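Worksheet: the structure to be examined is printed underneath.
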């Protein structure tokens, strides 16, 4: 998933970012509400984690901006405000879910996954040729054989599968699987692509991961 976290508490923001990235998500972080609405609209995020008590611009104002122009984007409010009236106000403003601080990161992650599953049309089982990914069980098989993947490898393969037969640039991959501030000079994409090739192509039939010279990479079962 590509997730935007809008949280003014630096310690909490780092905690959320680190935990979600360890699960293979791409995470961007903003610490106030000034540019939050524009950022959420400009980038293809899967979900937003939004604090309500933000400096310069409130979370509810940011939420209304998102809902006015991107109504399908999933938003989870994460805040210390937890009265019944405040929860109702957040949900009525357009939030899909509402969590109170203190919180368990595992629960936040589970709620984000549940939110994504509800946001059809996103298939829970992805297939290309004899390669199959179950995004609910987070499992991958090729030709019936289970393929264990590390979290970032899984996130990269999911992005490739959701965009199969489409050439993807390094920039697109970095921005979706890592984040917008990642070092673009790093060879991290090449390293992970090579690792995936060793796991899902080597020892099987025709290769599925292809290098598109001058562009990037593409997952396809069509001959190039």
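The values are calculated or read from the model by the stated rules, or taken from the named source; none is laboratory data. None of the values given here were measured: they were computed from a predicted structure. Virtual Cβ from ideal backbone geometry, glycine too; neighbours counted across all protein chains shown.
Taken over the range 100-127, the criterion of being in contact with a helix residue (DSSP H, G or I) (Cβ under 9 Å, 6 or more places away or on another chain) and crowded, with 17+ Cβ neighbours inside 10 Å is satisfied by 108, 109, 112, 126. Scanning the range 128-155 for residues that are crowded, with 16+ Cβ neighbours inside 10 Å and without any contact (Cβ under 8 Å) to a residue 60 or more places away in the chain yields 132, 133, 135, 147, 149. Got at least one residue in the range 174-188 being modelled with pLDDT of 90 or more, within 24 Å of residue 4 (Cβ to Cβ), touching a helix residue (DSSP H, G or I) at 6+ places or on another chain (Cβ under 8 Å) and not in a helix (DSSP H, G or I)? Scanning the range 174-188, I find no residue that is modelled with pLDDT of 90 or more, within 24 Å of residue 4 (Cβ to Cβ), touching a helix residue (DSSP H, G or I) at 6+ places or on another chain (Cβ under 8 Å) and not in a helix (DSSP H, G or I), so the answer is no.
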